[in-house]
Amino acid sequence: ARSLELIAKEGRDAFYKGAIARAIVADMKTRNGLLDLKDFADHKADWVEPIGTNYRGYDVMEMPPSTQGFVALEMLNIMEGFDLKALGHNSADYLHVVTEAKRIAFADRGAYLADRDAMSKDLLTTLLSKEYAAARRTPAGAGRPTPDFAGRDLGDTIYLTVADGNGNVVSFIQSLFASFGAGFVAGETGITLHNRGSGFVLTPGHPNQIAPHKRPLHTLVPAMIMKDGKPWVAFGVMGGDNQAQAHAQVVANFVDFGMHVQEAGDAARMRHMGSRLALESGIGAEVRKALEARGHTIAEGRGQMGGYQAIFIDPRTGVLLGGSDLRKDGLAIGW
């Protein structure tokens, strides 16, 4: 409470240049931490342009690096080359395509995703291009799984979206990353520190190698789907590495399968987790057997699929429809 009162009185400088910064740095020093007052004082928040791709006539908007927004977009670009509706929602063929698109996109995440200042704009343009997706698409349609591309598997996140009758829409996400972040409170500030630094790598020369004044690979991705230049769906799915692959499934639920805003989140999901393909119980035994026959190792998906929230904006009437995931706490509310 004292920290919040100080911020209310002195503004952002209380945190980045004042007593709170000094208290956090003093605590970090006792833990052999790397942050000092200059790191706080030099920090700035950037106003950035979203990145996007057109998926079957709908513009899907995501956050740019260092978040994994391009990963969801690359997945969608790969998936666009298949007639998903004809394959059938949550059929073995459909789930195989989504899983393989995830493996391919996550390989690029592991190789390239970093602080946007460490990534070239040309590289990002390539990763988001339809031509690149076409070149990468062949393995997704193959009969057997491609090699595993494991990722981090953490998440302790909150997502919300709000919209009003004047056309204002917000898609927002925030997280400490692991449960309680770094796992300690800085001094007597009452502030729990996150552990996003674990997103860095130590590989020399890697674009995501840890370095001063650098942002690590980040999993947080609020999203929107636009139709004819106007917001159509604002949504997010909590859950660390799950976010990008869940986004691709949610977009397909809306665009390919015409689902209602609640149904699009409630529908059973898959989550590829390294060598395992986690499936929820709504995906039946015959589909599981067919995926196993293709070489997938099936795992229990209960509790692995994060949490979805969304607002659908009816383009004809302007009516707002909210959806909240049945898997966890949350609600859709309006007045």
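Summary of computed values
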{"read-out": "Residues (within 17 Å of Thr30 (Cα to Cα) and of a type in the set (Ser, Thr, Tyr)) located in region 188-203", "value": "Thr189, Thr192"}
{"read-out": "Set Val251, Val169: member being modelled with pLDDT of 95 or more and either surrounded by fewer than 20 Cβ atoms within 10 Å (Cβ to Cβ) or in contact with a Gly (Cβ under 8 Å, 6 or more places away or on another chain) (or both)", "value": "Val169"}
{"read-out": "Count - residues of region 287-328 that are open to solvent by 70 Å² or more (accessible area, probe 1.4 Å), acidic (Asp, Glu) and in contact (Cβ under 8 Å) with a residue 12 or more places away in the chain", "value": "1"}
{"read-out": "Residue count, region 36-73 (criterion: closer than 14 Å to Gln249 by Cα and without any contact (Cβ under 8 Å) to a residue 60 or more places away in the chain)", "value": "1"}
{"read-out": "Identity of the residue in region 177-197, assigned to a loop (DSSP other than H, G, I, E, B) and of a type in the set (Val, Ile, Thr), that ends up most open to solvent (accessible area, probe 1.4 Å)", "value": "Ile191"}
{"read-out": "Residue in region 226-253 that is farthest from Gly52 (Cα to Cα), counting only those that are among the polar types (S, T, N, Q) and touching a helix residue (DSSP H, G or I) at 6+ places or on another chain (Cβ under 7 Å)", "value": "Asn253"}
{"read-out": "Positions within region 198-241 being open to solvent by 10 Å² or more (accessible area, probe 1.4 Å) and on the phi > 0 side of the Ramachandran plot, in sequence order", "value": "Gly205, His213, Asp228, Gly229, Gly239"}
{"read-out": "Any hit, region 146-156, residues being open to solvent by less than 50 Å² (accessible area, probe 1.4 Å), at pLDDT 95 or above and touching a Ser or Thr at 6+ places or on another chain (Cβ under 8 Å)", "value": "no"}
{"read-out": "Matching residues, region 113-131, being assigned to a helix (DSSP H, G or I), open to solvent by less than 80 Å² (accessible area, probe 1.4 Å) and not charged (D, E, K, R)", "value": "Ala118, Leu123, Leu124, Thr126, Leu127"}
{"read-out": "Residue under evaluation Pro204, criteria (1) at pLDDT below 95; (2) more than 16 Å from Gly301 (Cα to Cα), criterion not met", "value": "(1)"}
{"read-out": "Selected residue (criterion: nearest to the chain's Cα centre (by Cα)) from residues of region 245-258 that are over 18 Å from Arg327 (Cα atoms) and of a type outside the set (D, E, K, R)", "value": "Ala248"}
{"read-out": "Hits in region 278-311 - residues which are under 30 Å from Asp164 (Cβ atoms) and aliphatic (A, V, I, L, M)", "value": "Met305, Ala310, Ile311"}
{"read-out": "Any hit, region 212-225, residues being at pLDDT below 95, over 19 Å from the mean Cα position of the chain (by Cα) and within 24 Å of Gly52 (Cβ to Cβ)", "value": "no"}
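The values are calculated or read from the model by the stated rules, or taken from the named source; none is laboratory data. Everything numeric here is computed off the predicted structure, so don't read it as measured data. Cβ sites come from the backbone with ideal geometry, for glycine too, and all protein chains shown count toward neighbours. Side chains included, ligands, DNA and RNA excluded: accessible areas come from the protein's heavy atoms. Shrake-Rupley method; radii C 1.70, N 1.55, O 1.52, S 1.80 Å.
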